[in-house]
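K.L.:
Here it is: the structure, laid out below.
The values are calculated or read from the model by the stated rules, or taken from the named source; none is laboratory data. Bear in mind the structure is a predicted one, so any value in this text is a computation, not a measurement. Glycine gets a Cβ as well: all are built from the backbone with ideal geometry, and neighbour counts include every protein chain shown. Protein only, heavy atoms only, side chains kept; ligands, DNA and RNA dropped before computing areas. Shrake-Rupley method; radii C 1.70, N 1.55, O 1.52, S 1.80 Å.
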Amino acid sequence: MNFFKFFLLFLLTFNCYAQDKIKLLDTLNSNFFKVELLKFYKEKYNLFNSNLNIITSGQTKLSKTIYLEYQEEFLEKIKNDNFISDKSINDYFQKLLLEILEKNKLSKKDFKILISKDPEINAYNSGDGTIVVNFGLFTILESEDELVFVLCHEISHQELQHVKKEVESFVNLQVSEEIVSKTKEIKKLKYNRSRAANTFLLKLNYKNYFHRRKKEIEADSLGFYFYSKTNRDLKKTTTLLEKLNESNKEKDSLTVQDYKVLFETGSYKLKNKYFEIEKSIFNKYDYKTAYQIDSLKTHPDCLTRINKIEKFIKNQNFKSASSEEFLELKKIANYQNLYNLYLSGEFGICLYESLKKYKGSNDLFYENLIFLNLVDIKKAKENQTLSRCVPQVDYVYNSESLNRFITLMNNLKSSDLEILIQKFK
């Protein structure tokens, strides 16, 4: 751990602790943790790939290519310290995983759980027995029971071999007569080739969406069965899905007036032109999308899934309970999530979220984080690398508030940023 990051950890933890008796996790991964994790997955992948080599058909070669690309990406995540090495949180999740496996008489050797620094509200099963829980999930969880159902759901994906079936389905689609003939047909067109390709792609996306929706419902069903064996509150299965259904909606925003209150001083005023987005000749197309975004969620149709699960919930006496470990993690969730963003170099989003938290609290933790992000954004602007740490304006996926923030960061000069740095120092 270099001196600056050590100092950062001390600074943020101290201020957080002084106010709310909160201590952040050590997410600056130990080298030992990384080395051991890399060794484990390299051995795991070598064994898996050696079994694939036995068959040499064209479809198997394409499958192997897909698996190899995923494996390379996963190993890169380990090398880049994407997974939290903190022993306390890893032990806690391992305990929850074992509880589910033991009560359902499932093989313990087939599963491994990792906690990602990713702020996205999500969890996933990689198909090889690995369950990854993003730390961002803790920002919506209100009980340990909800977390346990998440794990049951991901275990179900593994037991149902959904990833394997997804790869097989993709490979079969690539070599299908429909794809081959339609591709040839589109290539022969003299006009509107792009429109024909997009229409066909849209059809394939909805077909894929239908299968993904079916898999999620299957995982809910089996996951509910696994969860029921843990003797936990059955109603927490639906409260989790209700939160997921709302998770892609931004809960707060920053207006021009907010920035004036946060940034301006007696002598420094923000220029109105800093909030003006430069229009491009393609601007009218920026508002259109070929797909209905709401229908392509990672966890689609939560309301439909809630209705299906509710049919199985009967009167039961189990009360929701959360361990001390969960309550401690929940207490630091928002702080930790922003801290993870900063350490991952996502200075723009980290600053944006910190400003939203700070405007209603004046919390010293957020104030310090605003200062640190402003320093790095100024450095990136001077090095002409701002696009690496601040996202692009996007009318399809971003909220109006986020696009306003991005525009402001792009338009602020280094001299402006220096004034803001001194204000929050």
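K.L.:
Taking θ = phi - 60°, what integer Hz values does the Karplus form 6.51 cos²θ - 1.76 cosθ + 1.60 yield along segment 367-377, in sequence order, with x for Gly and Pro?
P.N.:
Each residue's phi maps through the Karplus curve to give 4, 5, 5, 4, 4, 5, 5, 4, 4, 6, 5 Hz.
K.L.:
Given a 1.4 Å probe and heavy atoms of the protein chains only, how would you sort Leu244, Leu364, largest accessible area at the top?
P.N.:
Leu364, Leu244
K.L.:
Then there's this: In whole Hz, with x marking every Gly and Pro, tabulate ³J(HN,Hα) for segment 379-396 from phi via Karplus 6.51 cos²θ - 1.76 cosθ + 1.60, θ = phi - 60°.
P.N.:
Result, rounded to whole Hz: 4, 5, 5, 5, 8, 6, 10, 4, 5, 6, 10, 10, x, 8, 4, 9, 7, 8.
K.L.:
Turning to a different aspect of this structure: Quick one: how many Å² of Val375 are accessible to a 1.4 Å probe, rounded to 10?
P.N.:
50
K.L.:
Report D for segment 62-182 in µm² per second (integer): Stokes-Einstein, Kirkwood Rh on Cα pairs, 20 °C, 1.002 mPa s.
P.N.:
D = 134 µm²/s.
K.L.:
Still on this structure, please answer the following. Taking 1 over the mean of 1/r across every pair of different Cα atoms in segment 332-394, what Kirkwood radius in Å do you get?
P.N.:
11.8
K.L.:
With a 1.4 Å probe and all protein chains in place, put Asp258, Asp110 in order of accessible area, largest first.
P.N.:
Asp110, Asp258
K.L.:
How much accessible surface area, in Å² rounded to 10, belongs to the heavy atoms of Ile309 with a 1.4 Å probe?
P.N.:
Per-residue accessible area (Ile309): approximately 10 Å².
K.L.:
Could you work out, for segment 349-425, what percent of all Cα-Cα pairs fall into each 5 Å distance bin, beginning at 0 Å and stopping at the bin that holds the largest distance?
P.N.:
3, 16, 26, 26, 19, 9, 2, 0
K.L.:
Same structure, new question: Restricting to DSSP loop positions (anything but H, G, I, E, B) with no more than 12 other Cβ atoms inside 10 Å of their own Cβ, which chymotrypsin sites (Phe, Trp or Tyr not before Pro) remain in segment 372-413?
P.N.:
Tyr397
K.L.:
Using 0.36 nm per residue, how much length does the chain from Glu69 to Glu250 gain when fully extended, once their Cα-Cα distance is taken away?
P.N.:
Contour length minus the Cα-Cα distance gives 61.9 nm.
K.L.:
I'd like the accessible area for Tyr70, computed on protein heavy atoms only with a 1.4 Å probe and all protein chains in place. Round to 10 Å², please.
P.N.:
That residue has around 70 Å² of solvent-accessible surface.
K.L.:
Additional query: So which GluC sites (Glu not before Pro) in segment 215-278 pass both tests, a DSSP loop state and at most 13 other Cβ atoms within 10 Å of the Cβ?
P.N.:
Sites meeting the loop and neighbour criteria: Glu250, Glu276, Glu278.
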